[in-house]
Every structure is written in C-alpha cells, then in structure tokens.
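What follows is one structure encoded as structure tokens, with my remarks underneath.
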Amino acid sequence: MHYQRTFKNLVAGFALAAWAVLAAAQTAKPNVVILATGGTIAGAGATTANSASYAAAKVPVDKLIAGVPELKDVANVTGEQVFQIASEAFTNEKLVQLAKRVAQLAAQPGVDGIVITHGTDTAEETAYFLSLVVHTDKPIVLVASMRPSTSMSADGMLNLYDAVVVAGDKASRGKGTLLVMNDEIHSGREATKRVNIKTNAFYSQWGPLGMVVEGKTYWFRNPVKTHTSQSEFDIANIDTLPMVQIVYATGQMYPEMYEGAMKLGAKAIIHAGTGNGSVANYMVDTMRGMRAKGVQIIRSARVPDGFVLRNGEQPDDKYDWVVAHDLNPQKARILAAVALTKTNDAKELQRIFWQY
Ligand code: ASP
C-alpha cells in the first residue's frame, strides 16, 4: 500500500516534470503570427499537373498552417485571414488596412515576428510600403509561391516554413521588411518580381540579404536605406494615400497619357522612362506644364537595373522634377504616395527618394 502510493507519487512527479520541460520548450519558441492575404501560395489547381494555371486565393490560413506540420517545430504559430485575394487586386485602401494590422501586432509584447502570405504580383509593393510605415524592429516577412499548393513540387510549403524561421529569428530584427522565397531572404525595399512561371521569381539588383536553409538563416549584408523604426512615416498617421500614377514610356507617346492621369486626380506622375529615365523632347512641355499646375514629375526607368541620375537626361533642378534613384516605377509609386502625405515640396521629395 505504502509502496504503491510512493510509486504513484513518483509517476505523477515525472509526469509533472515532463510537462514542465515540454511547456518550457514550447514557450522558448518564438511566437509568429501568419497574416494571410491570398495569392498563389493559397491557390488551387484542377490537377496536380496544373503548376501555372489555377485559381489564386482559395486555401484558408488554417489549412495553409496545417499543411506544414513542421512549423510547430520552429515557432508557436497562429494564423489570421486578412484578405483572400490575388495580389493584383490590392488597392491603396488594402495596403493601409494591412499595415495598421501589422503595426498593431508588432506592438504586442507576445508577438516576435509576423509573416504575410501574399501573391507574388504585387508583394514587392506591399513589402516596401510596410518598410516605410510600420515602426518596429521585429521581423515582418512576406512570403509567396509560384505554384499552387495542389501542384507537383509546390514551392509554398518550404517557402512558408522558411518565412516562419526568418520571422522567429532574432537575427532578422532591424533589417526592414523582408521577402522570403526560393531559399533567399530579400530586402522588401529591393525585391522585385523579375520572372514569371519559374520559382525563382524574385530578384534584388544589389543582391539578397541572406539565405535560409534547413531552418537556419545565413546573413550577408544589411540594408542601408532608412526603414521601419527609423522611418519618419507612420501608419498611425496615415488613413488614405494620394493618387500617384505611372506612365510607361515607349517610342511613341501622347500628352493625353499624362494629362489623363492628372485629370483623374494624380498628385504625382511616375515617368517610367526609357534608358536613364529619359523623356522624349516632344513630351517635355506637357510635363513641365503639369509641374506648373502642381503635379510632381518623378523620373524612374523601365530598365530594371541601375539608377536614374539627377540632372542626367533632363535638367531636373531647372524643371523642379524628382528622380526615383534606384526604385523601379511601382516602388516609386509607393514612396511618392507615402511622401506626399507629408510634403508637396519637390526638393523635400527628392531628399526622401535619396534616403528611403
Ligand atoms: N496573380 C497571383 C497573385 O499575385 C500570382 C502569384 O501569387 O504568384 O496573387
């Protein structure tokens, strides 16, 4: 009787100790919130052979998480469905809504990192926007896939696992928003979708910041442009974004392309210029006329790499124009919209384009 009780106590003691060890291991893992917005990573195709034709934004966040049981080995993961859309359907309103939710979560002491599942098409715009307006050092990691989860060799599972690893890693802090795909960790400011169909969709002209391999991050460089906690912009003060439109330059241009955007209400035009952001001589008067009416003219380039030289192809000082530095037109649109919430001075805008 006495021995029986001692044995029972011993077993109970062991069980308690085992539970305490398990609980400690559980709490030692980082807490990562996955915000799901849709995209191919939540896509579904008709057959396993459909790797490129499918419907995006079908699989809910709980199923995404359940599809990668290994996530619970690296983090305490919770999920939230913010949107269920293909990313080409993102709007300024949705960007603002998402950023406010990210900022709320980042402010919670119990959250260590945030992953955002997103379509590849506009992930680069969302990543850059968040890096400009969310004040936090905690990792904010965008992740996507090129193949739907139903396809053979779907890339979303490993990408999601990698993103959660990066979001939970203290070494990822203070690096601005990140975009994880195909084993690479890109700066959210620099990553751009360069390839369709293939799984190595993203590219950064100055190189990725690091890599993530088998649950471990490897870092090679830091971003130098101002971002997140150091940014002068804060989503707490932004409820709407001013309209900024891109005009894509080709060998035959028409004034109405610019004037139409102005009539729509655009406060700035991103000129996706040929070469070094150049402007056809017969278009210069139209663009100067718009600047005289208060519209900002920002010269970017349709050439993917390099950067636009101020006063290079055009006398920007004389015309009071701005150059987009190394930002591609879609990223220049994001920065211009954010900057215009604070200033409408072209010199100040140029300072912001150098700095961010
Ligand atoms: N059109 C899809 C999207 O951006 C493509 C993708 O996710 O790869 O939502």
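Amide H contacts of Ala301 (H built 1.01 Å from N, in plane; Pro and chain starts excluded): Gly273 sit under 5 Å, all sequence-distant by 5 or more or on other chains.
Its Cα gyration tensor gives the stretch 298-353 an equivalent ellipsoid; the semi-axes, largest first and in whole Å, are 17, 15, 7. Each residue in Trp321, Trp206 was given a count of other beta-carbon atoms within 10 angstrom of its own, and listing them fewest first yields Trp206, Trp321.
Taking the square root of 5 times each eigenvalue of the Cα gyration tensor, what semi-axes in Å does the equivalent ellipsoid of the stretch 48-205 have, largest first?
Equivalent-ellipsoid dimensions as semi-axes: 22, 18, 15 Å.
The GNM of the chain, with springs linking C-alpha atoms under 10 angstrom apart, assigns the highest mean-square fluctuation among Thr78, Thr126, Thr192 to Thr78.
Looking at the chain, send over the antiparallel percent of its DSSP beta bridges, to the nearest 5. DSSP beta bridges in the chain are roughly 30 percent antiparallel. Partner lysines whose Cα lies under 28 Å from the Cα of Lys72, excluding those fewer than 8 positions away in the same chain, are identified as Lys29, Lys58, Lys63, Lys100, Lys138, Lys170, Lys175, Lys216. Taking other C-beta atoms within 10 angstrom as a stand-in for reagent exposure, Ile114, Ile298, Ile65 fall in the order Ile65, Ile114, Ile298, fewest first.
For the stretch 81-91, backbone phi angles converted through the Karplus equation (6.51, -1.76, 1.60; θ = phi - 60°) give residue-by-residue couplings of 8, 8, 9, 9, 9, 6, 6, 5, 8, 5, 10 Hz, Gly and Pro being listed as x. Here is the size of the chain from its Cα atoms: Rg then Dmax, 23.6, 103 Å. The fewest-to-most ranking of Phe129, Phe202, Phe353 by surrounding Cβ atoms within 10 Å reads Phe353, Phe202, Phe129. For the chain, a Gaussian network of Cα nodes joined below 10 Å ranks Pro148, Pro315, Pro242 by mean-square fluctuation, and the top entry is Pro315.
Just to be sure I understand: with springs between alpha-carbon atoms less than 10 Å apart, which residue in Ala66, Ala301, Ala339 has the highest mean-square fluctuation in the Gaussian network model of the chain? Looking only at Ala66, Ala301, Ala339, the biggest GNM fluctuation is shown by Ala66. Distances between every pair of Cα atoms in the stretch 176-277, grouped in 5 Å steps from 0 to the bin holding the largest one, split as 2, 10, 14, 13, 15, 17, 14, 9, 4, 2, 0 percent. For the stretch 211-356, the Kirkwood estimate of the hydrodynamic radius, built from every pair of different alpha carbons, is 16.1 Å. Across the stretch 167-179, rounded Karplus estimates of 3J(HN,Hα) from the backbone phi angles (6.51 cos²θ - 1.76 cosθ + 1.60, θ = phi - 60°) give 5, x, 8, 4, 5, 7, 6, x, 10, x, 5, 10, 10 Hz, Gly and Pro being marked x. As a calculated quantity, the FRET efficiency between Leu309 and Lys216 at R0 = 35 Å, using C-beta atoms, amounts to about 0.30.
We did not get these values from a lab; they are worked out from the coordinates using the rules stated. Quick caveat: nothing in here was measured; it's all calculated off a predicted structure. Neighbour counts run over all protein chains shown; Cβ positions are idealised from the backbone, glycine included.
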